[in-house]
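Right, one structure below, let's go through it.
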Amino acid sequence: MTRLKVAMIGCGWVAGSQVERGFAVLPEQFEVAVAADLDPSRAEAFAARHGIPRMAASLDAVLAMPDVDVVSICTPPNLHFGGVTAALAAGKHVICEKPFVASLAQLEAVRRAEAESGRRAMPIFQYRFGDGLARVKHVVDSGLAGKAYVSAVETAWRRGPDYYQVPWRGKLASELGGVLLTQAIHMHDLLFFLMGPAATVAGFKTTRVNPVEVEDCAVGSLRMADGSLASLTATLGSAKQITRMRFCFEHVAFEVQGDGNDAGRPAELEWTVIPASPEAGERIARAMAELPPGKANFARQFELFHDALATGAPFPVTLDDAQRSLELITALFHAAETGTVVDLPIGPGHSRYEGWVSRA
Ligand SMILES: NC(=O)c1ccc[n+]([C@@H]2O[C@H](COP(=O)([O-])OP(=O)(O)OC[C@H]3O[C@@H](n4cnc5c(N)ncnc54)[C@H](O)[C@@H]3O)[C@@H](O)[C@H]2O)c1
């Protein structure tokens, strides 16, 4: 098995989580070889904490290191596109945090950069990976759940002034959005992972919790491509952190609720299964029991990334997944700011194709 050498670009909060919950769990597949940060004291502290042998002061310095196979971009959102395209051009495979890039136009440019370089880029959506959701997805994909009716996805989280002490947060130019882009993006990816793409989007957003530029309360109404409907609720002002989801199908309803620390790992929790009949319940229980337990979160996403590079299979999170996510953000921003309903997909002729943040 090839052991891939990874460089972490940006040694902040999420980089630590990727190492602890991901790369360090898979020592046969990965070696975290470099810690890179513009701030040398952060790179140094990070390298010391995680036992990383080498440090660098910039992405360019890392890209000049011939032995680095993979760079993991963990910098603020507005820097992702430049990092991903530079790394591909330098012949590295790339893992990049959410939001993957800052527009649908940039996503197309990444597709071209992949084709030109022969290297590949994987967006992060680690919330997808856990036994609870895997079992539910297995039932849905097998057809046992039947026709989809409605889905409800609630991201009721809490962020206060201390969160916004980090300079890039809360500003449209650097965070690129608020609760929709930074927190609820994971739960909305879970909706697409389970139910497929959306076809039409309406919504509202506002800023009511903190004195910031970005939205901290939002709702959306979606018609999915399969004809079912979905509602989205997101806030950073919930008294307690709660993630809650309900998916209603012809033969079964699935529910999950994660409170406190569990709000950040809905896929790993045990989902409530409410069958419409005892027969449906038996069939669904049998199907769920077929699936062996596996790794969760970053560890599972990185394990599948390693497998995909070895076999040429698609990554566990693809550029098409990033496109669905960015298309939802673009559509919700447009719908909320213009009072219109947006049909997907959003193509190059749309006024927000080059970026969802209105320049008006
Ligand atoms: N997947 C998740 O669950 C999850 C969780 C938190 C954050 N994130 C995402 O990860 C990204 C980083 O968030 P964070 O909370 O870790 O931020 P952070 O502020 O804690 O860390 C960012 C780091 O990047 C460094 N940096 C900035 N510009 C750089 C550059 N040009 N080159 C190298 N280093 C640079 C900063 O010095 C800082 O150390 C964001 O896109 C955020 O949305 C994802």
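The values are calculated or read from the model by the stated rules, or taken from the named source; none is laboratory data. These figures come from a predicted structure and were not determined experimentally. Positions of Cβ are backbone-derived with ideal geometry, glycine not excepted, and every protein chain shown enters the neighbour counts. Just the protein is used for accessible areas: all its heavy atoms, side chains included, with ligands, DNA and RNA removed. Shrake-Rupley method; radii C 1.70, N 1.55, O 1.52, S 1.80 Å.
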Of the range 136-180, those with amide N under 18 Å from the point 7 Å along the Cα→Cβ vector of residue 255 are 136, 149-156
How much of the accessible area of the chain, probe 1.4 Å, is carbon plus sulfur, in whole percent?
53 percent
With springs only between Cα atoms under 10 Å, which of 271, 168, 13 fluctuates most in a Gaussian network model of the chain?
13
Where does the chain land at 222 nm, in deg cm²/dmol rounded to the nearest 500, when only DSSP H runs of n ≥ 4 count, each adding -39500 (n - 2.57), divided by all residues?
-10500 deg cm²/dmol
Scoring the chain by relative contact order with C-alpha pairs under 8 Å, at least six apart, yields a percentage of 19 percent
Rounded to the nearest 0.05, what FRET efficiency do residue 152 and residue 310 give with R0 = 30 Å and r taken as the Cβ-Cβ distance? Could you check?
0.20
³J(HN,Hα), Karplus 6.51/-1.76/1.60, whole Hz, each residue of the range 25-41, x for Gly, Pro:
7, 10, x, 7, 9, 9, 10, 7, 9, 9, 10, 10, 8, 4, 9, x, 5
Taking Rh as the Kirkwood radius computed over alpha-carbon pairs of the range 4-124 and applying Stokes-Einstein at 10 °C with viscosity 1.306 mPa s, one gets a diffusion coefficient in µm² s⁻¹ of 113 µm²/s
Any lysines with Cα under 22 Å of the residue 92 Cα? List them, leaving off those in the same chain fewer than 8 positions away.
5
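Distance check, please: which entries in 98/295; 205/295; 98/171 exceed 25 angstrom between their Cα atoms? Kindly include the intermediate steps, with their values, before the conclusion.
On the way: 98/295 21 Å; 205/295 36 Å; 98/171 16 Å.
Over 25 Å apart, Cα to Cα: 205/295.
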What lysines does residue 147 reach when the alpha-carbon gap must be under 21 Å and sequence neighbours fewer than 8 apart in one chain are set aside?
137
So, over other residues within a Cβ distance under 13 Å of residue 306, counting Lys, Arg +1 and Asp, Glu -1, the net charge is 0
Quick one: check the C-alpha center-to-center distance for the range 55-134 versus the range 258-281, whole angstrom.
32 Å
Under a Gaussian network model of the chain whose springs join Cα atoms within less than 10 Å, the largest fluctuation of 59, 236, 309 belongs to 309
quick shape note, the chain: Cα extents on principal axes in Å, largest first -> 59, 51, 41
Give me the accessible area per residue for the chain, probe 1.4 Å, as a whole number in Å².
42 Å²
Are there trypsin sites (Lys or Arg not before Pro) in the range 267-360 that DSSP puts in a loop and that have at most 10 other Cβ atoms within 10 Å, and which ones?
359
